[in-house]
2 protein chains.
Amino acid sequence: MTPKTIAPGGTLGIVGGGQLGRMIALAAANMGLKAHIYCPDADSPAFDVAAKTTCAAYDDAEALTRFAQSVDVVTYEFENIPRETADLLAAHAALHPSASALATTQDRLSEKDFINRLGIPTAPFRAVDTPDDFARALDAIGRPAVLKTRRFGYDGKGQRIIRTEAESDRNAIFAEFGGAALILEGFVAFEREVSVVAARAADGSFAAFDLCENEHRDHILAVTRVPAPGIAPETAQAALGIARTIADALDYVGVLAVEMFLVREADGAERLVVNEIAPRVHNSGHWTIEGATTSQFAQHVRAVCGWPLGDPSRPGGLKAEMRNLIGDEVEGWRSVLAEPGAHLHLYGKGEARPGRKMGHVTRLKP
Amino acid sequence: MTPKTIAPGGTLGIVGGGQLGRMIALAAANMGLKAHIYCPDADSPAFDVAAKTTCAAYDDAEALTRFAQSVDVVTYEFENIPRETADLLAAHAALHPSASALATTQDRLSEKDFINRLGIPTAPFRAVDTPDDFARALDAIGRPAVLKTRRFGYDGKGQRIIRTEAESDRNAIFAEFGGAALILEGFVAFEREVSVVAARAADGSFAAFDLCENEHRDHILAVTRVPAPGIAPETAQAALGIARTIADALDYVGVLAVEMFLVREADGAERLVVNEIAPRVHNSGHWTIEGATTSQFAQHVRAVCGWPLGDPSRPGGLKAEMRNLIGDEVEGWRSVLAEPGAHLHLYGKGEARPGRKMGHVTRLKP
């Protein structure tokens, strides 16, 4: 499908009002578009930079319809949008990425099935719908393993690690999840976590940013380094190829991120295992604002508006390091401002609660 | 005077809702500030990216007072603010640049007097308040010369060139200006037009971007090239020194631009003559968004918020070229988007009238 081209002056509808929606809106404004943000939270950071805002629930069919009808194209900043919401939006406006790409990637089970069918490895996994399923899955996969909700998890929420036999009281653990659909995933003994942030346009053109290495703390991204150090060029190339295979198979339009594990074999060989797909701009792509010719946010806007993709290369070949400012780390903003060459980004959020992403800092180096 | 430091989460008041106010607001948002735009035009481009807006006249004392009281600091995007407006704002909020810096620079006569008193050359000039003044000024300065309104001119508006004796009917020409206070300026036989865009903080710290060469068409900036080519390094250094002398003498806080003529003497020596001071971010600084570590807009926000100035250097030593998209040139937006490495900026303005600045394109080259 070739989407209609949105002309400058048009309006981009963005579902979700967090920092990702905010940064998409800022990129859209740079290119002469208006942003209309839809979010249930009255103090959404993205509201502060939008030409129009709708504050309503994700199941408010009337508000969703009005929103979709008032914009030229709809996109979203997060994958935890109910399927019904996506379908309703798509009935009234062009929706990119599509409702089907969203459905495939927002459920860990369908996502891993989809990836494996493309011949791309993931961690071993089993669906867990009952306590008996849980027991069988543990037998098949072994320990340690991670029991996760299939949907609506982020930053380690909705997960529980099962390390020992003692932690395997299947009824009690199963009950903790309150009946949500679950998946048990095996552990991957990885050396590094990497990600590919890339864009695909409706005409099939594809542009990937350089491979990122990601360091997590307490399940939250802490640092991204680009290009990912200590990895063979062929492996980095293979990672970009995996992202393209996935994007093509989803007939994807927009920016997506593919998180992968780099496994080092005993003989030193490098192997990639896909962890998950984020059908949206991604925290590991924030470095592109200063570190790439086209930022991931501008790239996403280009793709969803039917515009040509931009150049994803790093100008001057500079290396980038992005550090999140989480919780009270944001209190160091003044020393970041005083550091030559440090790029401070703050999201305009109120309270600096533990684990809350308040901003990030990007540093470029030769 | 040390201004109070504005913390992220605070609100920056911006008087004026055009593209400069819009780009200041976008830079402020990147650093976690809210923008409140004050502008009489309901369809101001800056309104689309602001957390708050006030649409009211520049002489609406009640609206100005409410605006100033609702923000943490006030700045402005253009120098044609009535003195009374600036004084009223300054009575209710920190105003940067100050009302006195604005008063000095918004009147061509006081501006040139001020510059000459610093020992910095300008074109020859005479105040013209009557037809007799005009005759005497023409005798003193010779032809060609330019008769200008002292205030409220921009992009060649409020100007008339006097080339020949036949054009010197002093009564008729004087009458054309409708009684506005005037200045007659001599022509400078310049080789190039250059500008320094620089920032000064309240503590006296100063950071200049590299010297820009500017090419005008029909009195409107068309192209800026950085670093200005074909100019001796000592001359470029001297230009930055002139900007600092001016900023210090104004006790300036914020970004300013100093436009200069480069005159080539018969023996090849280079001489600088100041044309005018813009007490604000400037079109010849737009290249800094991608071409400098800190953009002029981020730098202005830093200065007026009492934050440390950022690094003005060009990352990777890349050269920048900025071209304005004026009037229907904006219709070429799609081919700019398709050009690798071209950075398209559009201002979200409605109609592409002749002479209207609709956007710009920045290209970086090794």
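None of the figures in this text is laboratory data; all of them are computed from the coordinates on show. All values derive from a computational prediction rather than experimental measurement. Cβ coordinates were reconstructed from backbone atoms using ideal geometry, including for glycine residues, and neighbour counts include every protein chain displayed.
The residue among A:H92, A:A201, B:A292 whose Cα reaches farthest toward the positive pole of the charge dipole of the protein assembly as shown, with charges on the beta-carbon of Lys, Arg, Asp and Glu, is B:A292.
The same position B:H219 in the other copies lies at 6.5 nm from this copy, comparing label points 7 Å beyond Cα toward the beta-carbon, shortest first.
Shown for B:K319: label points 7 Å from Cα along the beta-carbon vector, and their distances to the equivalent points in the other copies, 2.9 nm in ascending order. Under the combined filter of DSSP loop state and at most 13 neighbouring Cβ atoms within 10 Å, segment A:260-366 retains none of its trypsin sites (Lys or Arg not before Pro). Estimated from helical segments only, the mean residue ellipticity of the protein assembly as shown at 222 nm is -8000 deg cm²/dmol, where each DSSP H run of four or more residues counts as -39500 (n - 2.57). Shown in residue order for segment A:24-33 are the 3J(HN,Hα) couplings computed by the Karplus curve 6.51 cos²θ - 1.76 cosθ + 1.60 at θ = phi - 60°: 5, 4, 5, 5, 4, 4, 4, 9, x, 9 Hz (x for Gly and Pro).
Label positions at A:F152 and B:A181, each projected 7 Å from the Cα along the C-beta direction, are separated by 6.7 nm.
Dipole check for chain A: with +1 at the C-beta of Lys and Arg, -1 at the C-beta of Asp and Glu, and the Cα centre as origin, the magnitude is about 620 Debye. Tell me, how many Å apart are the Cα centres for segment B:80-145 and for segment B:53-67? Their Cα centres are 26 Å away from one another. Looking down the axis that turns chain B into chain A, the chain B residue with its beta carbon nearest that axis, and the gap rounded to whole angstrom, comes out as B:G316, 1.
Could you tell me how far the Cα centroid of segment B:167-206 sits from the Cα centroid of segment B:271-325, in Å? Result: 22 Å between the Cα centres.
Summary for B:A266: label point 7 Å along Cα→Cβ; distances to the equivalent points in the other copies, ascending, 8.9 nm.
Placing pseudo-labels 7 Å out from each Cα toward the beta carbon at B:A222 and A:A42 gives an inter-label distance of 5.4 nm.
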